[in-house]
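The values are calculated or read from the model by the stated rules, or taken from the named source; none is laboratory data. Since the structure is predicted, the reported quantities are computational estimates derived from the model, not experimental observations. Cβ placement follows ideal geometry from the backbone for every residue including glycine, while neighbour counts extend to all protein chains displayed. Accessible surface is based on the protein model in full, side chains and every heavy atom, while ligands, DNA and RNA are left aside. Shrake-Rupley method; radii C 1.70, N 1.55, O 1.52, S 1.80 Å.
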Amino acid sequence: MYAVIFIYEIGENLEGYAEMDQRTLELVATLPGYLGYQKAGDGKNNIFISYWESLEHIDAWRKDPVHTKAKAEGKNKWYKRYISQICKVEQSHEMKKEQ
């Protein structure tokens, strides 16, 4: 499994951001190799981690036309800064207490 870690700071001009965010989340959920995501942040400074079966699946998402448009808009107006990293997940453990 691979993780794509996207750490970002939102800018001031968010015109169209919410709509594109929703559209990309809906689209990516339909793609082969996509395993899910986690996110955290305060709305201004955030981290989004998506999980994938393979680097090939990540590359297909990278080249997707909707995702390509979202990245261009992000660079041009939505983000003050961002860091994108791809990591191989060697191990993963989860602890969840029952209520």
The chain, accessible surface, carbon-and-sulfur percent (1.4 angstrom probe): 51 percent
Structure-based [θ]222 nm, the chain - -39500 (n - 2.57) summed over DSSP H runs of at least 4, per residue, nearest 500: -9000 deg cm²/dmol
Order of exposure, largest accessible area first, which applies to Met1, Met20, Met95 with probe 1.4 Å: Met95, Met1, Met20
Sequence of Ile47, Ile86, Ile5 from largest to smallest accessible area, 1.4 Å probe: Ile86, Ile47, Ile5
Exposure of His57 as accessible area (Å², to 10), given a probe of 1.4 Å and all protein chains: 50 Å²
Accessible-area order (highest first, 1.4 angstrom probe) of the listed residues Trp61, Trp78: Trp61, Trp78
The stretch 34-99: GluC sites (Glu not before Pro) falling in loop per DSSP and having at most 13 other Cβ within 10 Å: Glu53, Glu90, Glu94, Glu98
The stretch 63-77-the stretch 28-57 distance, computed between alpha-carbon centres (Å): 16 Å
Table column - 3J(HN,Hα) (Hz), the stretch 10-18, Karplus curve with 6.51, -1.76, 1.60, x for Gly and Pro: 6, x, 8, 8, 10, 4, x, 5, 4
